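> This structure is in structure tokens; I'll ask about it shortly.
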2 protein chains.
Amino acid sequence: MTISMHAASVPVFKQLLGSLADILAKAEAHAAQKNIDPNALLQARLFPDMLPLVRQVQIACDFAKSVPARLAGADVPAYEDTEQTFAELQARIAKTVALIDGLDAAQFAGSEERQIVLRPGTPKERTIGGQAYLLSYGLPQFFFHVTTAYALLRHNGIEIGKKDFMGAF
Amino acid sequence: MTISMHAASVPVFKQLLGSLADILAKAEAHAAQKNIDPNALLQARLFPDMLPLVRQVQIACDFAKSVPARLAGADVPAYEDTEQTFAELQARIAKTVALIDGLDAAQFAGSEERQIVLRPGTPKERTIGGQAYLLSYGLPQFFFHVTTAYALLRHNGIEIGKKDFMGAF
């Protein structure tokens, strides 16, 4: 009655990173077809104090890289948040997929009990076990940003649907 | 290096159902304070062919009830989709929490290999194993609707933040 921490993380992140890449490709094609400045989508927000599309994608990638990598005890490479175009966002997604593809399932052994420090060195520092880190923190955070990116593009008229969001599984 | 199917499902759904209830309570209070017709929020959409808030909440509850119940081999009660008010949506969330609280962890034994039929009797019928049903289908669907409800309310000026979305864990 159990599943591995690897199975509960890497394939899920990869599935939704794949759908995020497809959704962004459709948005880019839509902009080209309708003569829309790509930045009108890349910098779109659902409300003035929400983050724009570019940041939603960057942060989705951050959770997709850091959650599996930290569970696996691997180094988490820093990404510089310099992406300005659809092509650059695609590259960020691709390098995130490559990173987590490079983690071996065996590295996740015992990770459900590995102690993970959230926001280290800040007043909000908190230590939680690996299982909660994945299920109660990492996946909700990741899905939040992928779905917000989708919602932002839907709100801007991109013709995508739930099937695009769900991706291949 | 494993986690139980119960641990990977029931607590996650409960965490986000709790945050959904809190977010809806804030939206209701906001409407009352600003003399906004509650229906202006309940029937709000991010785009004309997207579902309104009421349906997003109903569907989030549907996945939160059916995914754990089917994994546990329990009956899935039908909900009638008659909710029209914030109070009625809160009641639907509460009965969903009560339902999955009533499932025993032991009922999830072997559920990662239980065969689940999606969309039975339709042209899109498909059978998948319990592990994929939870991780690749159920959780993405659930998070999609909870996040869309959040995004809809944020877009309408409700003062909520990521902390509200994440809930208590």
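The values are calculated or read from the model by the stated rules, or taken from the named source; none is laboratory data. These figures come from a predicted structure and were not determined experimentally. Neighbour counts run over all protein chains shown; Cβ positions are idealised from the backbone, glycine included. For accessibility, only protein heavy atoms count, side chains too; no ligands or nucleic acids. Shrake-Rupley method; radii C 1.70, N 1.55, O 1.52, S 1.80 Å.
> For residues that are under 23 Å from residue A:17 (Cβ atoms), at the interface with chain A (Cβ under 7 Å from one of its Cβ atoms) and touching a residue at least 40 places away in the same chain (Cβ under 8 Å), scanning just the stretch B:145-169, find the one that is nearest to the chain's Cα centre (by Cα).
Going through the qualifying residues, I end up with B:148.
> Moving on. Going by the structure shown, is residue B:113 within 17 Å of the chain's Cα centre (by Cα) and of a type in the set (Asp, Glu)?
no
> I've got another one for you. How many residues are of a type in the set (S, T, N, Q) and open to solvent by 10 Å² or more (accessible area, probe 1.4 Å) when one looks only at the stretch A:1-26?
Of the residues in the stretch A:1-26, 3 are of a type in the set (S, T, N, Q) and open to solvent by 10 Å² or more (accessible area, probe 1.4 Å).
> Given the structure, is residue B:67 part of a helix (DSSP H, G or I), among the aliphatic types (A, V, I, L, M) and open to solvent by less than 30 Å² (accessible area, probe 1.4 Å)?
yes
> Turning to a different aspect of this structure: Under 6 Å by Cβ, and 6 or more places apart or on different chains, what pairs join a residue from the stretch B:1-26 that is within 24 Å of residue A:104 (Cα to Cα) and within 7 Å of another protein chain (Cβ to nearest Cβ) with one that is of a type in the set (Phe, Trp, Tyr) and surrounded by 22 or more Cβ atoms within 10 Å (Cβ to Cβ)?
From residues that are within 24 Å of residue A:104 (Cα to Cα) and within 7 Å of another protein chain (Cβ to nearest Cβ), the pairs are B:1/A:108; B:5/B:108.
> Considering only the stretch B:39-62, I want to know if a residue exists there that is assigned to a loop (DSSP other than H, G, I, E, B) and touching a strand residue (DSSP E or B) at 6+ places or on another chain (Cβ under 6 Å).
no
> Of the residues that make up the stretch A:112-123, is at least one open to solvent by less than 40 Å² (accessible area, probe 1.4 Å), more than 8 Å from chain B (Cβ to nearest Cβ) and either touching a residue at least 40 places away in the same chain (Cβ under 8 Å) or in a helix (DSSP H, G or I) (or both)?
Yes, there is a match, as at least one residue in the stretch A:112-123 is open to solvent by less than 40 Å² (accessible area, probe 1.4 Å), more than 8 Å from chain B (Cβ to nearest Cβ) and either touching a residue at least 40 places away in the same chain (Cβ under 8 Å) or in a helix (DSSP H, G or I) (or both).
> Taking into account only those residues within the stretch B:27-38 that are assigned to a helix (DSSP H, G or I) and open to solvent by 10 Å² or more (accessible area, probe 1.4 Å), which is nearest to the other protein chains (Cβ to nearest Cβ)?
B:30
> Identify all residues within the stretch B:124-144 that are under 21 Å from residue B:46 (Cβ atoms) and without any contact (Cβ under 8 Å) to a residue 12 or more places away in the chain; write none if there are none.
B:140, B:144
> Continuing with the same structure: Would a scan of the stretch A:145-163 turn up a residue that is surrounded by fewer than 18 Cβ atoms within 10 Å (Cβ to Cβ) and either of a type in the set (Asp, Glu) or closer than 20 Å to residue B:9 by Cα (or both)?
Yes; the residues of the stretch A:145-163 include at least one that is surrounded by fewer than 18 Cβ atoms within 10 Å (Cβ to Cβ) and either of a type in the set (Asp, Glu) or closer than 20 Å to residue B:9 by Cα (or both).
> Which ones in the stretch A:89-109 are assigned to a helix (DSSP H, G or I) and touching a His at 6+ places or on another chain (Cβ under 9 Å)?
Those that are assigned to a helix (DSSP H, G or I) and touching a His at 6+ places or on another chain (Cβ under 9 Å): A:105, A:106, A:107, A:108.
> Could you list, in sequence order, the residues of the stretch B:41-50 that are touching a residue at least 40 places away in the same chain (Cβ under 8 Å) and either exposed (fewer than 15 other Cβ atoms within 10 Å of the Cβ) or more than 10 Å from every other protein chain (Cβ to nearest Cβ) (or both)?
B:41, B:42, B:44
> Tell me, yes or no, whether the stretch B:73-82 has at least one residue that is farther than 30 Å from residue A:52 by Cα, open to solvent by 60 Å² or more (accessible area, probe 1.4 Å), more than 17 Å from the chain's Cα centre (by Cα) and more than 9 Å from every other protein chain (Cβ to nearest Cβ).
Yes, the stretch B:73-82 contains a residue that is farther than 30 Å from residue A:52 by Cα, open to solvent by 60 Å² or more (accessible area, probe 1.4 Å), more than 17 Å from the chain's Cα centre (by Cα) and more than 9 Å from every other protein chain (Cβ to nearest Cβ).
> Additional query: For the stretch B:18-28, which residues satisfy the criterion of being closer than 14 Å to residue B:97 by Cα and touching a Phe, Trp or Tyr at 6+ places or on another chain (Cβ under 9 Å)?
Hits for the stretch B:18-28 are B:19, B:20.
> Which members of the stretch B:97-111 meet the condition of being closer than 21 Å to residue B:58 by Cα and crowded, with 16+ Cβ neighbours inside 10 Å?
Scanning the stretch B:97-111 gives B:97, B:99, B:100, B:103.
> Give me the residue from the stretch B:129-144 that is out of contact with any Phe, Trp or Tyr (no Cβ under 7 Å at 6 or more places or on another chain) and open to solvent by 10 Å² or more (accessible area, probe 1.4 Å) and, out of that set, farthest from the other protein chains (Cβ to nearest Cβ).
By that ranking, first place goes to B:129.
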